[in-house]
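Here's the structure we're looking at; comments come further down.
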Amino acid sequence: MKEPEIKPSETSAGKLPSHVAIIMDGNGRWAKRRGLPRIMGHHAGVRAVERTVRAARDMGIKTLSLYAFSSENWKRPESEVSGLMRLFRMYIRSRVELLLKEKARIRFAGRLDDLPVDIREIIREAEEKTESQEGLQLVICLNYGGRREILDAVNKASSSGEIFPLDENSFRKYLYLPDVPDPDLIIRTSGEMRLSNFWLWESAYSEFFFTEKLWPDFGPDDLEAALKTYGRRERRYGSV
Ligand code: IPE
Ligand code: IPE
Ligand code: MG
């Protein structure tokens, strides 16, 4: 019988996930509990991002992807959306020097063409400057939607003259970041237990870790707890 197409991503000694993906949820509730405007929750969320990126690097994670803004998040009030865009500008700009120092590479996944033009430029520059770095790979999912990614891939395949029917490997080439291995572990904070359109194709065999912690309260200990749990999981990929 033909071997299945799914290739588990490479893992290092023990069972450390190679790619950890995080749905950073709960910023709004964090702010609300403190009687603060939602945007303050997003600011606190950026501090959690900084802690988590550092911890992931120290723990030897190769790829960390963060769901920062979904294709559905445009439905939020204009003031929140523009506040988030301001934060993205600030964060990406201020991050590049540090990433260079830490030998990390930053990449973005999503419909980047629909972002404000100056953010597109900041993204392009950040990706270009850190392109050849071989430390932690940080993937920011910005204006990302899994269904859209799949549709974009189908349309790209069709317009580039690909021969149909496609198989999984020829389809994968058209995803946003085809060389990034599928997430081994997906973490979602804030007690919600759904994917919300994150890594739909890529999560076929991901392990999940849910925590009640709101994203701004997430830190290295929580990441470590998730990794420990992951280490006890048995991944079968449909076999026995
Ligand atoms: C996640 O926190 C951040 C983004 C979606 C940008 P939320 O803003 O969704 O926080 P809650 O879910 O309303 O608490
Ligand atoms: C998912 O969170 C998107 C991000 C974390 C960027 P949401 O808060 O948008 O998800 P739903 O609406 O609760 O499913
Ligand atoms: Mg939310």
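The values are calculated or read from the model by the stated rules, or taken from the named source; none is laboratory data. None of these values were measured; they are calculated from a predicted model. Neighbour counts are summed over all protein chains in view; Cβ atoms, including those assigned to glycine, are modelled from backbone coordinates with ideal geometry. Keep in mind that these areas ignore ligands, DNA and RNA; they rest on the heavy atoms of the full protein, side chains included. Shrake-Rupley method; radii C 1.70, N 1.55, O 1.52, S 1.80 Å.
Checking the structure you have, find out if any residue of segment 161-177 is under 17 Å from Ala109 (Cα atoms) and in contact with a strand residue (DSSP E or B) (Cβ under 6 Å, 6 or more places away or on another chain).
Within segment 161-177, one or more residues are under 17 Å from Ala109 (Cα atoms) and in contact with a strand residue (DSSP E or B) (Cβ under 6 Å, 6 or more places away or on another chain).
Determine which single condition Gly45 fails, assuming it passes every other condition in (1) closer than 27 Å to Glu207 by Cβ; (2) open to solvent by 20 Å² or more (accessible area, probe 1.4 Å); (3) in a helix (DSSP H, G or I); (4) within 16 Å of ligand 3 (Cβ to nearest atom).
Status for Gly45: all satisfied but (2).
Give segment 41-59 a look and list any residue that's under 18 Å from Pro77 (Cβ atoms) and within 11 Å of ligand 1 (Cβ to nearest atom), or say none.
Those that are under 18 Å from Pro77 (Cβ atoms) and within 11 Å of ligand 1 (Cβ to nearest atom): Gly41, His42, Gly45.
If you check Ser79 against the conditions, is it among the hydroxyl-bearing types (Ser, Thr, Tyr) and surrounded by 18 or more Cβ atoms within 10 Å (Cβ to Cβ)?
no
Which of the residues belonging to segment 153-179 are in a loop (DSSP other than H, G, I, E, B), open to solvent by 70 Å² or more (accessible area, probe 1.4 Å) and over 26 Å from Glu127 (Cβ atoms)?
Within segment 153-179, Ile163, Phe164, Pro165, Asp167 qualify.
A quick yes/no check of all residues on (1) part of a loop (DSSP other than H, G, I, E, B); (2) open to solvent by 20 Å² or more (accessible area, probe 1.4 Å):
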| residue | (1), (2) |
| --- | --- |
| Met193 | yes, yes |
| Trp199 | yes, no |
| Tyr205 | yes, yes |
| Phe208 | no, yes |
| Thr229 | no, yes |
